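So the structure is just underneath, and the comments pick up after that.
The values are calculated or read from the model by the stated rules, or taken from the named source; none is laboratory data. Treat the numbers as computed from the prediction; the structure is a model and nothing was measured. Backbone-built Cβ (ideal geometry, glycine too); neighbour counts: all protein chains shown. These area figures cover heavy atoms from the full protein model, side chains too; ligands, DNA and RNA do not enter into them. Shrake-Rupley method; radii C 1.70, N 1.55, O 1.52, S 1.80 Å.
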Amino acid sequence: KGCQRACLLKVMLNDPLPGQKASPEYLRVKYLREYSRYLHAHLDTPLTEYNIDTDLPGSFKDHWAKNLPFLIDGYEEQPGLQPHIRDVLHQNFEGYKPEVQELICVADRLGSLMQYETPGFLPNKRIHRAMGLAALEVMQAVQRTWTNSKVRMNGKTRLMQWRDMFDIAVKWRRIADPDQPVLWLDQMPAPSLSRGFNNHINLIRGQVINMRYLEYFEKILHFIKDRILVYHGANNPKGLLEVREALEKVHKVEDLLPIMKQFNTKTKDGFTVNTKVPSLKDQGKEYDGFTITITGDKVGNILFSVETQTTEERTQLYHAEIDALYKDLTAKGKVLTLSAEFGEADAVCNLILSLVYYFYNLMPLSRGSSVIAYSVIVGALMASGKEVAGKIPKGKLVDFEAMTAPGSEAFSKIAKSWMNLKSISPSYKTLPSVSETFPTLRSMIEVLNTDSTPRCLKKL
């Protein structure tokens, strides 16, 4: 820990020279210092008694999420590390009770099912364990909710809402990698939220191709072609056949730009296409999905990107959809606890996947939305008596599956095709409570740091 502090100090003191661009490490280091101080002060405070999203200053969160220089007017530093709060010590796996060891091993296995088999996503056992524990805690919390029990969140005891369910996964994702700001965007300062937060991904930039999303290039290309035909069908019906013939010869996204320039003088150096997300709550209504942008002056010098803009108005529309689905899920979940009929379980499964479909398309967090949402899927399905046994197929990304699906039903069908759902093992009922076993930040860090390799391998 002393080495880590020294490294932070070294980066902090290494101010960029006039005209020199600040390094990514320099931009982050002061946020990490303040966040570390906050976490250290709360090491032994019960996790149910405080809330990072409301405790940290709005301007601090806004600047951190946007990776802006640490220039915050009127900011008061967090208190320094207090000597009476001891550091987190190494916890031997053998020091845990046998039932807790079993809990950790199950979490490791569940978390590994969330690994993407795609270039650019390396296995991270710390993340696996964190999100496996998140899934188990979600399972236990949802089961309690369906039997009319209340949860304690942020110092209050009340019925669990959908955000509480996701907050369980958020807290584990945050502590698994404190370097990244995992923050709810709707908890940002009002002026910042009114302008909107952009989740921007470059798919092609000049000669650089983002290999993570390569599997989705063809799917997005077909979508763009369809939107172009719809546009010309409405605005240039006489030239529709010519446009259709030209598009049939396009097999790469890069080749779209000259075609668009040929048939639309407004295109100039680029164009955008917007996706729509159909509502389940209000049939016929659609919400804004993400924006596809292609710009550039020639092939080999283009920018092909996708962007989700999270504004206050858009967030409220999605929240209303998720609220309605969660209300229905809770009602059907309570019925399911009294009846094990297949139809009830299937309806609950579809509601879980539909709810998370809208979460993926909303992208309500500054980072980590994808694995957080998938751990909620795994946990909520276990609460319904179904266990995910299948891995995410090679090349597939769950968030992009949701974002490029034509609707929630299509996403549910795709997800169920690989999840290989089976009846949950009775042994899950005997696992100790995750929230009671790891009630503080210190206990969470300890369990994520412990090495379970030899013991858990024997159990597999």
Practice task
Scan the stretch 333-404 for trypsin sites (Lys or Arg not before Pro) in coil per DSSP, keeping those whose Cβ has at most 12 other Cβ atoms within 10 Å, and list them by number.
Solution key: 394
Completion exercise
Rounded to a whole %, the carbon-and-sulfur portion of the accessible area of the chain at a 1.4 Å probe is 53
Completion exercise
Between residue 118 and residues 5 or more places away or on another chain, the pairs with built amide H atoms under 5 Å apart involve 395
Practice task
Please compute P(r) over all alpha-carbon pairs of the stretch 195-244, binned at 5 Å starting from zero, and give each bin as a whole-number percent.
Solution key: 5, 17, 16, 16, 14, 15, 13, 5, 0
Problem - Dipole moment magnitude, nearest 20 debye, the stretch 341-439 about Cα centre, only Lys, Arg, Asp, Glu C-beta charged - result: 380
Practice task
Could you tell me which label, among (i) -0.47, -1.13; (ii) -0.37, -1.11; (iii) -0.41, -1.16, carries the value of log10 I(q)/I(0) by the Debye sum over Cα atoms at q = 0.07, 0.12 Å⁻¹ calculated for this structure?
Solution key: (iii)
Handout entry: Relative intensity, log₁₀ I(q)/I(0), of the stretch 200-310 from a Debye sum that treats every alpha carbon as a point, q = 0.11, 0.15, 0.24 Å⁻¹
Key = -0.38, -0.69, -1.44
Practice task
Enter the Cα centre distance for the pair the stretch 276-355 and the stretch 96-121, rounded to the nearest angstrom.
Solution key: 27
Practice task
Please go through the residue pairs 61/334; 66/225; 276/416; 150/413; 171/386 and name each one whose alpha carbons sit more than 28 Å apart in this structure.
Solution key: 61/334; 66/225; 150/413
Practice task
Mind checking the per residue accessible area of the chain for me, 1.4 Å probe, whole number of Å²?
Solution key: 49
Handout entry: Column: log10 I(q)/I(0), Debye, Cα scatterers of the stretch 23-66, q = 0.18, 0.22 Å⁻¹
Key = -0.58, -0.80
Completion exercise
Cα-only Rg/Rh for the stretch 106-187 with Kirkwood Rh rounds to 1.02
Practice task
Please compute P(r) over all alpha-carbon pairs of the stretch 30-134, binned at 5 Å starting from zero, and give each bin as a whole-number percent.
Solution key: 2, 9, 13, 14, 15, 18, 15, 9, 4, 1, 0
Exercise for the section: Run the quick spin-label model on residue 323 and residue 125: label points 7 Å from Cα toward the beta carbon, then report their separation in nm to one decimal. Expected result: 4.5
